[in-house]
Every structure is written in C-alpha cells, then in structure tokens.
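Peer 1: Here it is, the structure, as structure tokens.
The values are calculated or read from the model by the stated rules, or taken from the named source; none is laboratory data. Predicted, not measured: the structure shown is a model, and the values here were computed from it. No Cβ is skipped: glycine too gets one built from the backbone with ideal geometry, and neighbour counts run over all protein chains shown. Surface accessibility is based on the protein's heavy atoms, side chains included, excluding ligands, DNA and RNA. Shrake-Rupley method; radii C 1.70, N 1.55, O 1.52, S 1.80 Å.
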Amino acid sequence: FPSNVFLVDDSSMPSGKRVELTPVAKPINSHGSSADVNEWMSVDGFSMTPPIVAILGSEVRETELPGIFDDPEMTLRAVSPTLLIEANTGTLVPHFADLDPRATDRLEQAIIVRPIVGLKPETRYIVAMQGLRDETGTVVAAPEGLRRIRDSGVGHDPVLKPLSERYEREIFPVLDEAGVVRDGLQLAWDFTTASRASVTDDILRARALVLEALESSPPTVEILGYQDEDEGQAWRTISG
C-alpha cells in the first residue's frame, strides 16, 4: 500500500479516479467500526509524501535495507534492495526504508519505504523489492502470487491472468528499462498520486472563507507587550 488495486473510475473527481478500499482492506478501529478515511473524504489518488508499506510473509534482516543514515544515492541504483521509480520517465526516487518496530509477529513485520523528496501529483510510481534476506542470510522467497506473475506461471488463473497481463504491459517494461533483473524480484507493484486539486481544494476553500469573514468583520487587536527570548526556539513572545 498504496496500490492502484484500490483506484476505481470516478468521473466526478479531477483525475477521473477515486481511492476505494475493498472490504477486506479496510482498517477497523477498536470498536469494530471502519476507520477508512476515504469514506468521508474522497481523493483521486494517493499521498505525495506516502509511507509505502509491504509485507513479504517472511522475516527480513533490517541491515539489508537502505537505512535513514545511509547514503540515499544507493537507492538510485538498479541493484538497490528497494526501488521507487517514476513510471513515465524511469527516474529513480531517493528514499530510505525500515521495519515496523511495533510488529508482534516477525512474519508480518511491514517493510516501510519512505521517499525523502516529495512525489509529483497525478504520477504513477513503481515500487520494487529484491534480494532481501532473512536473519540466517537466506534470500527471502517472493510471495506466491508475484512469483507466478514474475515467472509467467499463472496459466488460466482467473485472478492472476489479468494481473499478469498488466504487469507485462505496464510494470515489467519499466523495471527492465531501469536495469532490474526480473528473476530476483520479490515484490513489485504500482500506485498513482492524487491530483493537486484533490489534495488542496478544501484548504484553499477554507482560506477563501476566512478571508471573506475577516473582510466583513475585521478583528480588533490590542498589543499588550512583548518579550525577546534568549533561549529556546522562540525569538520573541508577543502578548495581545
């Protein structure tokens, strides 16, 4: 996650798409109710500053990942264990990755890829993971669905066959162009960021309403005094 699996057509949205989680993917709160924010605030794509999360179903050795203190240039090489690629241009996006420290089951511990630059609006990105090892140094096996898609072994599977066709058309060519060795892939998928209008229209509308209110009823302000600060993060404290 995020993933284009959860994008559906919606002509009312700026990009013509809308994020809609499937029932099994919806987060549930402690009261058993849906915590899916998309139910009350529709967006036409995913965040431009996203945590990108995946689970391989196996223990992963954290030292295999490009960490926050490592040189981000290492994530701009085709052999990086984690890759984030702008699909249309093939540009590799610098990032770091870590493991979810809150996990109680190492087999379900999330790998979190974190871009260190903002992503572009309405842009498709491809995420890939390769060569990750477990604590014994053994290369982690790819999840079975991805393995079959990667190795052209889906046959006539009604779920995997259309996915395989889309991978061959839209994902594997980008990875091939980037120099990624397909046989070593452990996971790969794509997601598309939201339009700028989708993520800013509400706050810009709120700003416009505030400015209208201030113009019709300007506040009366009386400054009582101020104090310059020698320490701390504040430069000056103003009382009014």
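Here is a yes/no grid of residues against (1) more than 30 Å from Thr138 (Cβ to Cβ); (2) assigned to a loop (DSSP other than H, G, I, E, B); (3) modelled with pLDDT of 90 or more:
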| position | (1), (2), (3) |
| --- | --- |
| Val8 | yes, no, yes |
| Ser11 | yes, yes, yes |
| Arg18 | yes, no, yes |
| His31 | yes, yes, yes |
| Asn38 | yes, no, no |
| Val43 | yes, yes, yes |
| Met48 | yes, yes, yes |
| Val60 | no, yes, yes |
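Peer 1: Is it true that Thr89 is in a helix (DSSP H, G or I) and either free of Cβ contacts under 8 Å to residues at least 40 places away in the same chain or on the phi > 0 side of the Ramachandran plot (or both)?
Peer 2: No: the conditions fail for Thr89.
Peer 1: What pairs can you find where one residue is in region 58-82 and more than 10 Å from Leu99 (Cα to Cα), the other is among the hydroxyl-bearing types (Ser, Thr, Tyr) and assigned to a helix (DSSP H, G or I), and their Cβ atoms are less than 9 Å apart, with a gap of 6+ or different chains?
Peer 2: If the second residue must be among the hydroxyl-bearing types (Ser, Thr, Tyr) and assigned to a helix (DSSP H, G or I), the pairs left are Pro66/Thr75; Pro81/Thr75; Thr82/Thr75.
Peer 1: Sticking with this structure for a sec: Considering only region 177-200, I want to know if a residue exists there that is closer than 22 Å to Ala87 by Cα, charged (D, E, K, R), touching a Pro at 6+ places or on another chain (Cβ under 9 Å) and open to solvent by 80 Å² or more (accessible area, probe 1.4 Å).
Peer 2: Yes, there is a match, as at least one residue in region 177-200 is closer than 22 Å to Ala87 by Cα, charged (D, E, K, R), touching a Pro at 6+ places or on another chain (Cβ under 9 Å) and open to solvent by 80 Å² or more (accessible area, probe 1.4 Å).
Peer 1: Are any of the residues in region 191-209 in a loop (DSSP other than H, G, I, E, B), out of contact with any Asp or Glu (no Cβ under 6 Å at 6 or more places or on another chain) and of a type outside the set (S, T, N, Q)?
Peer 2: Within region 191-209, none of the residues are in a loop (DSSP other than H, G, I, E, B), out of contact with any Asp or Glu (no Cβ under 6 Å at 6 or more places or on another chain) and of a type outside the set (S, T, N, Q).
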